[in-house]
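Visitor: Pasting a structure here, questions to come.
The values are calculated or read from the model by the stated rules, or taken from the named source; none is laboratory data. Note that the structure is a prediction, hence the values are computed from the model and not measured. Positions of Cβ are backbone-derived with ideal geometry, glycine not excepted, and every protein chain shown enters the neighbour counts.
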């Protein structure tokens with residue numbers, strides 16, 4: 001594996017930073033080198049937030065923001081109106097967007113592949129609240145294969161406890177299966 005760079009777009013309070021951290025934790029469990037870190041503008045609930053993750057077989061020596069991602073996750077489709085979420089995405093890159101719209105309805109200026117999934121619905125069904133970061137990771141792992149599903153589940157189980165962990169694992173699995181069916 002060569003260096004893979006991931007950018008996560010969300011709104012404050014949606015768990016974009018946790019999303020990047022869970023992905024890095026899963027990569028570490030797979031024996032890979034990884035890093036995860038946020039970038040905040042105005043720090044308030046609902047404001048746009050960006051988080052980054054890098055995964056590689058070798059040591060990662062760069063620490064700047066991700067300007068040319070291989071993959072992008074968008075936790076809130078309303079960001080598409082004001083944020084260029086596809087900026088810098090490689091032509092063979094994949095962008096996974098949380099939306100109830102089909103991928104064919106999303107208009108982005110990108111050569112990358114757009115994958116759409118309603119992780120809000122999955123979160124509401126599995127967790128009972130619109131906590132979209134864990135199910136987004138399930139969909140993302142299904143779309144990219146960047147880490148093993150088992151490693152992601154272990155990362156979620158370590159980050160949360162009890163019933164919350166169980167519900168998040170159920171959401172991860174449901175989103176993973178839903179995305180696999182789209183391929």
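Visitor: Scan 131, 140 and give me the residue that is surrounded by 17 or more Cβ atoms within 10 Å (Cβ to Cβ) and either modelled with pLDDT under 95 or part of a loop (DSSP other than H, G, I, E, B) (or both).
Guide: Only one candidate passes the filter, namely 131.
Visitor: Sticking with this one: For the stretch 10-90, list the strands (runs of 3 or more DSSP E) that sit wholly inside it and hold at least 2 residues that are touching a residue at least 40 places away in the same chain (Cβ under 8 Å); which are they?
Guide: Numbers: elements: 33-40, 48-56, 71-74.
So the answer is 48-56, 71-74.
The rows are residues; the columns are (1) under 13 Å from the mean Cα position of the chain (by Cα); (2) on the phi < 0 side of the Ramachandran plot.
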residue	(1), (2)
15	yes, no
19	yes, yes
36	yes, yes
47	no, yes
59	no, yes
92	no, yes
106	no, yes
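Visitor: Checking the condition in contact with a helix residue (DSSP H, G or I) (Cβ under 7 Å, 6 or more places away or on another chain), without any contact (Cβ under 8 Å) to a residue 40 or more places away in the chain, surrounded by 14 or more Cβ atoms within 10 Å (Cβ to Cβ) and closer than 20 Å to residue 19 by Cβ, which residue from 95, 114 passes?
Guide: 114
Visitor: For the stretch 47-64, which residues satisfy the criterion of being loosely packed, with under 14 Cβ neighbours inside 10 Å and either under 15 Å from residue 85 (Cα atoms) or touching a strand residue (DSSP E or B) at 6+ places or on another chain (Cβ under 8 Å) (or both)?
Guide: 47, 57, 58, 59, 62, 63
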